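Scroll down for the structure; my scribbles are underneath it.
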Amino acid sequence: MDLTFSDKEIAFRDELRGWLAENPPEAKPAADAGDDAQFTWRRDWQRRLYDAGWAAPAWPTEYGGRGASQSESAIYFEELGRARVPFAANTLGLLLGGPTLMVWGTPEQKERYLAPILSAEEIWCQGFSEPDAGSDLASLKTRAVKDGDEWVVTGQKVWTSGAQYAKWCMLVARTDSEVAKHKGLTYFLMDMEQEAVQIRPLRQITGEAEFNELFIGEARIADANVVGGVGNGWKVALTTLMNERAGLGFALQIRLRQLLDDVIAAAAENGMLENPLYADKIAEMHIRCETIRLLAWKGLTDAERYGQPGPEGSLVKWLWSDTNQRATQLAADVIGPQALTSGTSWSYELMRARGNTIEGGTTEVLKNIVAERVLGLPRLKVAA
Ligand SMILES: Cc1cc2nc3c(=O)[nH]c(=O)nc-3n(C[C@H](O)[C@H](O)[C@H](O)COP(=O)(O)OP(=O)(O)OC[C@H]3O[C@@H](n4cnc5c(N)ncnc54)[C@H](O)[C@@H]3O)c2cc1C
């Protein structure tokens, strides 16, 4: 692993850093301004990135990106994290939906859907999880039945982030219940703007309704909106999941570093660095942050060498979520009551971090992956 940037990578970083310095986002809406104001702020920011050609540098130039390499893409997310700008409103479209269509979409689908993802004209959401199918996605029950040149979809999804703003949903549904459960799935693009799709917000501990329940009662999807072929949904969904967090992880680890730096500054101000108990905790957090950063870059090197991300990515996600929870707890200890006062960024971070060990794969499931696929330990046989 060589962490020295090439001249091209340095030029890429400097150009982006310069642009971010000259084009800061509008001021963040107040914490009590509501979810819609936060969303509008993030959509406006994405439009500015788009106008300057920075919405998705990793996308190939033919689709409006810059054809950035994996290292440049990591630099991109690190710089966004360093500049403390918001995530683009259409993050799921940019990171998951677009790249999935580039692999599995028909030429017509690419032509129709990619450009509005980039410009944030059409927001995307991910309809995978169901009340009885989260970690075990293949056991999902939402059904799609063919009716002429349309599919009729009935079922329920849950934890659908951003559904209230989405035009399109990456929906995985069962189209054949006679075959093995992985083989009976199909991946669709479902239009969210129809009566048959009811969205009910789920309010989180932070006060936001970031995600929703979807009740789907005979929704219609044109056959032309099947992605990757009927019965091939498992493979297409894996492409989406492989892209989840690829890149975003670099922004997250920088944000973790910034949080820790803020905690260290506050501890220094409070005279707490002299206290061996806090000094010890801060040193441990520093070592964890560095370990995560180096593991993330190692994962990238492997992905460049072998052409795809390896199972080690699970280790980075597991360590990051665990460390972020510890860091926000440490912040509360160092900052004191202000960190527990509603409306402060400290209290927001503390509460939002609770979901980190669930979203994008639970820690238990990630530990299984690391045990079996990185360490080569035997698979756990669940007793009957
Ligand atoms: C903030 C947030 C945003 C999300 N956004 C979306 C979204 O946009 N779209 C979407 O589709 N989903 C989304 N999710 C859902 C997320 O992917 C699921 O919550 C996650 O996959 C876990 O599924 P589950 O909640 O059904 O829990 P379950 O899979 O039912 O797990 C319950 C418990 O059992 C444990 N467990 C399960 N299987 C095993 C195993 N084999 N070995 C050991 N332990 C196990 C789990 O670790 C967990 O503790 C989001 C979740 C969060 C928190």
task: Considering each residue of the range 137-173, count those that are more than 9 Å from the ligand (Cβ to nearest atom), assigned to a strand (DSSP E or B) and either open to solvent by 10 Å² or more (accessible area, probe 1.4 Å) or modelled with pLDDT under 95 (or both), and give that number.
output: 11
Qualifying positions in the range 337-367 - within 8 Å of the ligand (Cβ to nearest atom) and open to solvent by 80 Å² or more (accessible area, probe 1.4 Å): 358, 364, 367
- prompt: In the range 174-208, what residues are of a type in the set (A, V, I, L, M), within 30 Å of residue 345 (Cβ to Cβ) and at pLDDT 95 or above?
  reply: 199, 202
query: Which one is nearest to the ligand (Cβ to nearest atom) among residues in the range 209-224 that are surrounded by fewer than 20 Cβ atoms within 10 Å (Cβ to Cβ), modelled with pLDDT of 95 or more and not charged (D, E, K, R)?
result: 215
- prompt: Given the structure, is residue 295 surrounded by 15 or more Cβ atoms within 10 Å (Cβ to Cβ) and closer than 16 Å to residue 78 by Cα?
  reply: yes
query: What number of residues within the range 4-19 satisfy the criterion of being closer than 23 Å to residue 297 by Cα and assigned to a helix (DSSP H, G or I)?
result: 11
message: One residue is enough: does the range 61-84 have a residue meeting the conditions assigned to a helix (DSSP H, G or I) and within 15 Å of the ligand (Cβ to nearest atom)?
response: no
- request: Would you please list the contacts, defined by Cβ atoms under 6 Å and residues six or more apart or on different chains, that run from a residue in the range 173-199 that is over 17 Å from residue 236 (Cβ atoms) to a residue that is in a loop (DSSP other than H, G, I, E, B) and not basic (Lys, Arg)?
  value: 192/166
query: Considering the range 322-349 alone, what residues qualify as being modelled with pLDDT under 95 and within 19 Å of the chain's Cα centre (by Cα)?
result: 348, 349
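The values are calculated or read from the model by the stated rules, or taken from the named source; none is laboratory data. Just so it is clear, the model here is predicted, and its values are computed rather than measured. As a convention, Cβ positions derive from the backbone with ideal geometry for all residues, glycine included, and neighbour counts pool all protein chains shown. What goes into the accessible areas is simple: the full protein's heavy atoms, side chains included, and nothing from ligands, DNA or RNA. Shrake-Rupley method; radii C 1.70, N 1.55, O 1.52, S 1.80 Å.
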